[in-house]
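Every number here is computed from the coordinates shown, using simple stated rules; none is lab data. Keep in mind that what you see is a predicted model, and the values were worked out from it rather than measured. Every residue, glycine as well, gets a Cβ built from its backbone with ideal geometry; the counts of neighbours run over all protein chains shown.
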Amino acid sequence: MSDVITITALIYTDSDAADRALRDVAMTLIERGFRLAGLVQHNTARPGRSRCDMVLEELASGELIGISQDRGPLARGCALDVGQLLGAMQIVRAALDTGPDLVILNKFGKTEAEGAGFRPLIAEAIEAGLPLLIAVPWRNIESWRLFCGTMAREIDLDQLTVDGASLSDALGLDLRSDETRDPAIQPLMAISTRH
């Protein structure tokens, strides 16, 4: 196996911090001229509700896709609208065909740990040879490792400075401007895995 790893799992305990970190990295890279595909999550608290509204931002187009089911003010448990999630995945699939510099996926969550969700999209990005950044909660780390094996490196979000540029540097993302970077160089580089 090559010593270049193009999959980075950003391991976290605080989901809000992970969402914020991925959005910051995406914004930093977009400002630097990188072409991105994938999804980052925005949560909006709703007064009088136990659950927030979850919205995915598709990075190639900027489209916002609501993925929450409104199950009432006292609802507990998963509020994911699987149909909306599948629709968001279709948009990302189309963007993969454009050869983005990096694919960012917001989460290897409960749905993925159970064998569904983003798993096919992750596989498609890997098969296409596209660099991938994905957030993985510690509670799902064993499922992630079973799924991905040694194909990914793991970086603990708690060990990083969480602003877009610092985090991008720590993740090994090439932040040179579009004019100066060599298109043959993959933007996500790593030398070793960490398990």
**Request:** State, to one decimal in nm, how far the label point of Q159 lies from the label point of A123, with both points 7 Å from Cα in the Cβ direction.
**Result:** 3.1 nm
**Message:** Assuming 0.36 nm per residue, please report the length gained on full extension of the stretch D169 to H42 beyond their Cα-Cα distance.
**Reply:** 43.4 nm
**Message:** At 0.36 nm per residue, and after removing the present C-alpha to C-alpha distance, how many nm does the segment from E114 to M151 gain when stretched out fully?
**Reply:** 11.4 nm
